Structures are given as C-alpha cells and as structure tokens.
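Derivation of every value follows stated rules applied to the coordinates shown; laboratory data play no part. Predicted model only: the values in this text are computed from it and were never measured. Neighbour counts are summed over all protein chains in view; Cβ atoms, including those assigned to glycine, are modelled from backbone coordinates with ideal geometry.
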Amino acid sequence: MQFLPVLRSLVSTYQSFERYSALDVKAMGLTTTQFDVIATLGNQPPMTCKELGEKTLVTKGTLTGVLERLEGKGILEKMLNPEDGRSQMIGLTKNGQALFEKIFPRHMQHLDVAFKKLTTKQMQDVQRSLDQLKEIFNE
C-alpha cells in the first residue's frame, strides 16, 4: 500500500486549497458553491441544469437549492429550453454578470498569490502528475 502517503497528501492538499479559497470567497459574501456556479456561468451562454452540474461537479440536490437562492438574489435566471420544453436553461442576469466580472478576477488574484510560489517547472510537474493520476482513475 505504497500509495497511502500519496493519497493523504492529495487529500490534505485539496483540503488546504479549499480552506485558502473559501476564506476569500466567504469575504465576498458567497459560499464556495455559489462562487463555483457564478464562475461557471460567467461569460457563457445559458446552459441546462445538467450541464451546469457536470461542469461544477455539484450534486443535483445541492445545486437546486443554490440556484434558487441565486435566482432570489437576482444573480441568475431560468428560462425554458427552446430545444426541450421539459428542461430549463440557467444563465446569469446582467447583475449576475456584473458580479462575476467583479469577483472572478479578484479571486484569481488571490489564488495567484499562492501559485506564484511555484516555479514554471514545478507547476508543469504538478500538472503532469495530476493528469497521470486522473488518467489512471478514468481507465
């Protein structure tokens, strides 16, 4: 079981990233899931709830509540899907797009502070290793 230390490092690294990221997102008055939805919809055409769930990796049950709260705040809107009247398209409102344009670059700068501590080669090595792991698990 030589992989256990790697697995622990992977999980603890992700948890550390989540804490680092969440502090900034929370300071903006959002949850990480709300930020994820806004970031996914920003500068994009409306998409179905299924597509949004796949791109954000948020479960359907969680996504439904988040979408309702964001819709209530006037950040996103739901429209009937012209290709399939049984489903809805989700998109940002003008206020939602303005919020995206304000918070997304700010959060990217926050993350950049941490990632700048790695050299280009280190970033490439981490990316290559993560891609290899993903490929193994997707086999």
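Based on Cα contacts under 8 Å between residues 6+ apart, region 4-138 shows a relative contact order of 22 percent. Pairs with C-alpha atoms separated by more than 22 Å, drawn from the list 26/121; 26/50; 50/78, are 26/121; 26/50. Helix 4-27 versus the longest principal axis of the chain: what angle, 0 to 90°, nearest 10, using Cα atoms? Compared with the principal axis, the helix lies near 40 degrees. Students often forget the sequence filter, so: which aspartates and glutamates lie under 13 Å Cα-Cα from residue 94 once same-chain residues fewer than 8 apart are removed? Reachable aspartates and glutamates: 71, 77.
Hey, with R₀ at 22 Å, roughly what FRET efficiency would residue 115 and residue 137 work out to, going by the Cβ-Cβ distance, to 0.05? The partial results should precede the final answer.
Working: r = 24 Å, r/R0 = 1.07.
Working from the Cβ atoms, E equals 0.40.
Amide H contacts of residue 48: 90, each under 5 Å away and 5 or more positions distant or on a separate chain (H built 1.01 Å from N in the peptide plane; Pro and chain starts excluded).
For the chain, adding -39500 (n - 2.57) for each run of n ≥ 4 DSSP H residues and dividing by the number of residues yields -23000 deg cm²/dmol at 222 nm. For residue 55, a cut-off of 13 angstrom between C-alpha atoms picks up these aspartates and glutamates, skipping any fewer than 8 places away in its own chain: 36. Note on 113, 126, 25: ascending count of other Cβ atoms within 10 Å places them as 113, 126, 25, the fewest first.
Tell me, 112, 125 in order of fewest to most beta-carbon neighbours within 10 Å? Provide the component values of the computation, followed by the final result.
Working: 112 9, 125 12.
Result, fewest neighbours first: 112, 125.
Treating the angle as unsigned and between 0 and 90°, give the value, to the nearest 10°, between the Cα long axis of helix 120-138 and the longest Cα principal axis of the chain. That works out to roughly 70 degrees.
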